[in-house]
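J.: Have a look at this one.
The values are calculated or read from the model by the stated rules, or taken from the named source; none is laboratory data. Because the structure is predicted, anything quoted here is derived from the model rather than measured. Cβ atoms come from the backbone with ideal geometry, glycine included; neighbour counts cover every protein chain shown. Calculation scope for accessible area: heavy atoms of the full protein, side chains included, ligands and nucleic acids excluded. Shrake-Rupley method; radii C 1.70, N 1.55, O 1.52, S 1.80 Å.
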Amino acid sequence: MILVNGQPADTVNVLDRGLAYGDGVFRTLRTQDGKPLWWRDHAAKLVADAAALGLACPDEAGLYAEVCRVAEAGEGVVKIVLTRGIGARGYVPPVGQPGTCIVLSAPLPAHAQGNDAIGARWCSLRLARQPRLAGIKHLNRLENVLARAEWNDPAIFEGLLCDDSGAVIGGVMSNLLLVKGGAVHTPDLGECGVAGVARVRLLRALARRGIPVHIGRLLPAAILAADEVMICNSLIGVRRVARLDDATWLPAGWTETLNEALNEDAD
């Protein structure tokens, strides 16, 4: 099912700024038995990302009801898309124009099922740095599209991305974590990249558990020297990286620990 502004539909206006300029934000949620997982975190992130772009955000209770309305009966995925709505030609944001809210569901994809270790590669594409957009899950995802087009090997689950200064930022569809000497490290996303909800939940849980966490600039050499490398997002949870091009890692037990931490909040 697809809802557009609360009504069943499968089209949007061709003048919608989300289509014309990528002027909007989105969230991708995992659902279970018709209910969204981690709803409070997803709702908070949607509000924060919308505010960063000056977008109006729908009422949370009404949006939750729409998510439950479209969600699959078993395991599934719901995507929420918010745009600035319909506008005249040109970049100037319209004033007083209602936005567009799209809520749609899909079955849980095969890649999100299971918890097997994964293979990854380095992408040649370099992410541009733009602090005004850093961390936001906005609709402008051409860098991710081009990076994902770099491979078609089914043995490669994810590609890792660096920015134009050479710092590692994360995966094409995931955030990156590594463990070295008993501490968890994750890239600083202050200049580019998406600060995903799974990453937010992990950082909060690790702080509760007293596990040291370092957020900072990571170079490829730091990844290769790690004791364990992992990726995470809201659909796949935490997955261990077993191979990155020619580098390999044996399990060190951290993937299980982080998956437990990821899901210890009730909501």
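J.: For segment 1-33, what are the residues that are surrounded by 16 or more Cβ atoms within 10 Å (Cβ to Cβ) and assigned to a loop (DSSP other than H, G, I, E, B)?
T.: Val12, Asp23
J.: Just give me the residues in segment 122-145 being open to solvent by 40 Å² or more (accessible area, probe 1.4 Å) and under 26 Å from Asp246 (Cα atoms), in sequence order.
T.: Let us first name the residues in segment 122-145 that are open to solvent by 40 Å² or more (accessible area, probe 1.4 Å), namely 122, 124, 126, 128-133, 137, 139-143, 145.
Across segment 122-145, the qualifying residues are Trp122, Ser124, Arg126, Glu143, Val145.
J.: Kindly indicate whether any position in segment 81-100 is part of a strand (DSSP E or B), closer than 18 Å to Asp33 by Cβ, at pLDDT 95 or above and of a type outside the set (A, V, I, L, M, F, W, C).
T.: So in segment 81-100, the residues part of a strand (DSSP E or B) come out as 81-83, 86, 100.
After this cut, where a residue has to be closer than 18 Å to Asp33 by Cβ as well, the list is none.
Within segment 81-100, none of the residues are part of a strand (DSSP E or B), closer than 18 Å to Asp33 by Cβ, at pLDDT 95 or above and of a type outside the set (A, V, I, L, M, F, W, C).
J.: Any residue in segment 53-69 that is small (Gly, Ala, Ser), surrounded by 15 or more Cβ atoms within 10 Å (Cβ to Cβ) and either at pLDDT 95 or above or touching a His at 6+ places or on another chain (Cβ under 7 Å) (or both)? Walk me through how you get there before you give the answer.
T.: So the first thing to find is which residues in segment 53-69 are small (Gly, Ala, Ser), and the list is 54, 56, 61-62, 65.
The next check asks that each one be surrounded by 15 or more Cβ atoms within 10 Å (Cβ to Cβ); those that pass are none.
No, that holds for no residue.
J.: When the residues of segment 40-52 are narrowed to those that are in contact (Cβ under 8 Å) with a residue 60 or more places away in the chain and buried (at least 18 other Cβ atoms within 10 Å of the Cβ), which ends up farthest from Arg84 (Cα to Cα)?
T.: If we take residues in segment 40-52 being in contact (Cβ under 8 Å) with a residue 60 or more places away in the chain and buried (at least 18 other Cβ atoms within 10 Å of the Cβ), then Asp41 is farthest from Arg84 (Cα to Cα).
J.: Assuming Pro94 fulfils every condition listed in (1) open to solvent by 30 Å² or more (accessible area, probe 1.4 Å); (2) under 21 Å from the mean Cα position of the chain (by Cα); (3) not aromatic (Phe, Trp, Tyr) apart from one, which condition is it?
T.: (2)
J.: Collect the residues in segment 173-194 that are open to solvent by less than 20 Å² (accessible area, probe 1.4 Å) and touching a residue at least 40 places away in the same chain (Cβ under 8 Å), keeping them in residue-number order.
T.: Filtering segment 173-194 down to residues open to solvent by less than 20 Å² (accessible area, probe 1.4 Å) leaves 174-179, 183-184, 186-187, 189, 192.
Once the filter is applied, which keeps residues that are open to solvent by less than 20 Å² (accessible area, probe 1.4 Å) and touching a residue at least 40 places away in the same chain (Cβ under 8 Å), segment 173-194 yields Ser174, Asn175, Leu176, Leu177, Leu178, Val179, Val184, Leu189, Cys192.
J.: Would you mention how many residues in segment 122-143 are part of a loop (DSSP other than H, G, I, E, B) and among the acidic types (Asp, Glu)? Working first, answer last.
T.: Let us first name the residues in segment 122-143 that are part of a loop (DSSP other than H, G, I, E, B), namely 128-134, 136-137, 139-141.
Keeping just the survivors that are among the acidic types (Asp, Glu) gives none.
Residues in segment 122-143 being part of a loop (DSSP other than H, G, I, E, B) and among the acidic types (Asp, Glu): 0 in total.
J.: While we're here: Could you please give the count of residues in segment 223-264 that are in contact with a helix residue (DSSP H, G or I) (Cβ under 8 Å, 6 or more places away or on another chain), assigned to a loop (DSSP other than H, G, I, E, B) and surrounded by 14 or more Cβ atoms within 10 Å (Cβ to Cβ)?
T.: Our first condition is that a residue be in contact with a helix residue (DSSP H, G or I) (Cβ under 8 Å, 6 or more places away or on another chain); within segment 223-264, this holds for 227-230, 232-240, 244, 247, 258, 261-262, 264.
After this cut, where a residue has to be assigned to a loop (DSSP other than H, G, I, E, B) as well, the list is 227, 234-236, 264.
Still in the list and also surrounded by 14 or more Cβ atoms within 10 Å (Cβ to Cβ): 227, 234-236.
Number of matching residues: 4.
J.: Sticking with this structure for a sec: Applying the selection to segment 146-172, what residues are open to solvent by less than 40 Å² (accessible area, probe 1.4 Å), of a type in the set (Gly, Ala, Ser) and outside any strand (DSSP E or B)? Show your work before the answer.
T.: To start, the set of residues in segment 146-172 that are open to solvent by less than 40 Å² (accessible area, probe 1.4 Å) comprises 147, 151, 156, 158-163, 166-172.
Then drop every residue that is not of a type in the set (Gly, Ala, Ser), which leaves 147, 159, 166-167, 170-171.
The answer is Ala147, Gly166, Ala167.
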